[in-house]
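Below is one structure, written out as structure tokens; comments come after it.
No lab work stands behind these numbers, since they all come straight from the coordinates. In this text the structure is predicted, and so the values were computed from the model without any measurement. Here the Cβ is made from the backbone with ideal geometry for all residues, glycine too, and neighbour counts use every protein chain on show.
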Amino acid sequence: MPVLHLTQETFDSSVLQAGKPVLVDFWAPWCGPCQMMSPVVDALAEDVTDAVIGKINVDEEPGLAQQFNVLSIPTFMIFKGGQVVDQFSGAMSKEALKERLQKHF
């Protein structure tokens, strides 16, 4: 499944009301580690079918970044049942990201 590009308008229906776990990548185009993680997140979205993968550009959606207290990027949050169940920051391998997500299936 392709990565969802999340906005304030689509966040509730795509993340909070999702029937499966959702990994959200908070990123910005000027962030070097975010640029490194972008193809990793895209590849993970192609591999994983039992979760939703989404990205939020913090420059375009500052309200969502503020709502979830995102202070550094890239920040990853895993939502399940409308709640944040895991949160972590920084660059990592696709395998490490997938392992972290799979803990919440």
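Below is a table of values for the structure above.
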| quantity | calculated |
| --- | --- |
| Positions within the stretch 13-36 being touching a strand residue (DSSP E or B) at 6+ places or on another chain (Cβ under 8 Å), of a type outside the set (A, V, I, L, M, F, W, C) and not in a loop (DSSP other than H, G, I, E, B), in sequence order | Ser14, Asp25 |
| Qualifying residue in the stretch 16-24 (condition: surrounded by 13 or more Cβ atoms within 10 Å (Cβ to Cβ) and more than 22 Å from Gln83 (Cβ to Cβ)) | no |
| Residue within the stretch 52-62 that is more than 22 Å from Gln102 (Cα to Cα), assigned to a strand (DSSP E or B) and without any contact (Cβ under 8 Å) to a residue 60 or more places away in the chain present | yes |
| Condition met for Thr49 (in contact (Cβ under 8 Å) with a residue 40 or more places away in the chain, hydroxyl-bearing (Ser, Thr, Tyr) and surrounded by 12 or more Cβ atoms within 10 Å (Cβ to Cβ)) | no |
